[in-house]
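Right, one structure below, let's go through it.
Every number in this text was worked out from the coordinates using simple rules, so none of it is lab data. Owing to the predicted nature of the structure, the values given are computational and were not obtained by experimental measurement. Positions of Cβ are generated from backbone atoms using ideal geometry, with glycine treated the same way; all protein chains shown enter the neighbour counts.
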Amino acid sequence: MHMTISQDEIHQLLLSFAEAGATVLRLKGGDPLVFGRGGEEMDFLQQQGVQVRVVPGITAASGIAAELGIPLTHRGAANSVRFLTGHSRKGGIDPLFIQDQAADPDSTLVVYMGLSTLPSLAARLISRGLPADTPAAAVERGTTAYQRTVFAELHELPSEVAAAKLESPTLIFIGQVVALSPSWPGAAAKQEPATMPATSLPPATV
């Protein structure tokens, strides 16, 4: 059974255990300081006089990109990378904040928690000048045995994600670097964007 508690309740739980003299481990997936609210928890505890140490993890953007062979930056394809939240206000369909600069064809966009707002996100980026045929990918449960990936051009990605019935958590990559993945279907993506399980990916090499 999945139990949801508020961020304030999490803060109080952490504090109550710490005040009882326990050494508390708040375990998060990925990097707790990238859209993980780790900063909020750290700030709250430090204000209460609780000593906090962060053990860094690998954020989903880096881990999943490496799994798919997508370089987040690449000479001639992307000179920067931006992490965006796809969250909406009060459960709406529009992402919170997409600035004009996000529609930069020389940058890689990685969108966390953007599954429900993807149609609006794609439309806004295109309306702000990002080419509709920009390569993109949506990755459900990346780097796990349940990973599923949809590759498509940006204007087709929302419909292909809907057809594949991807579920949260899903990370979205947008930019020319996506086409550098060995799994990018190339020209065939215009007709048949690919949905792939993790087992179809080539084995990782060191």
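How far apart, in nm, are two points set 7 Å out from the Cα along the Cα-to-Cβ line at GLU19 and at SER127?
Between GLU19 and SER127, the label points sit 4.8 nm apart.
Rounded to whole Hz and in sequence order, give me ³J(HN,Hα) for the range 62-76 from the Karplus expression 6.51 cos²θ - 1.76 cosθ + 1.60, θ = phi - 60°, writing x for Gly and Pro.
These are the phi-based 3J(HN,Hα) values: 6, x, 6, 4, 5, 4, 8, x, 9, x, 5, 10, 7, 4, x Hz.
Provide the packing ranking of 162-171, 148-157, i.e. peptides ordered by the mean count of other C-beta atoms within 10 Å per residue, highest first.
In decreasing order of mean packing, 162-171, 148-157 become 148-157, 162-171.
Which translational diffusion coefficient, to the nearest whole µm²/s, is obtained for the range 100-141 from the Stokes-Einstein equation, given a Kirkwood hydrodynamic radius over C-alpha pairs, 4 °C and 1.567 mPa s?
Value of D from the Cα-based Kirkwood radius: 118 µm²/s.
So, R0 is 35 Å and r is the distance between the beta-carbons of LEU33 and TYR146; what FRET efficiency does that work out to, to 0.05?
0.85
If I model a spin label at ILE58 and GLU40 as a point 7 Å from the Cα along the Cα→Cβ vector, what separation in nanometres do I get?
2.7
Going toward the positive end of the dipole of the range 7-47, with +1 on Lys and Arg Cβ and -1 on Asp and Glu Cβ, which of VAL24, GLN46, GLN12 do you reach last?
VAL24
Please find the FRET efficiency linking THR4 to ALA66, where r is the Cβ-Cβ separation and R0 is fixed at 41 Å, and quote it to the nearest 0.05.
Efficiency computed from Cβ-Cβ geometry: 0.85.
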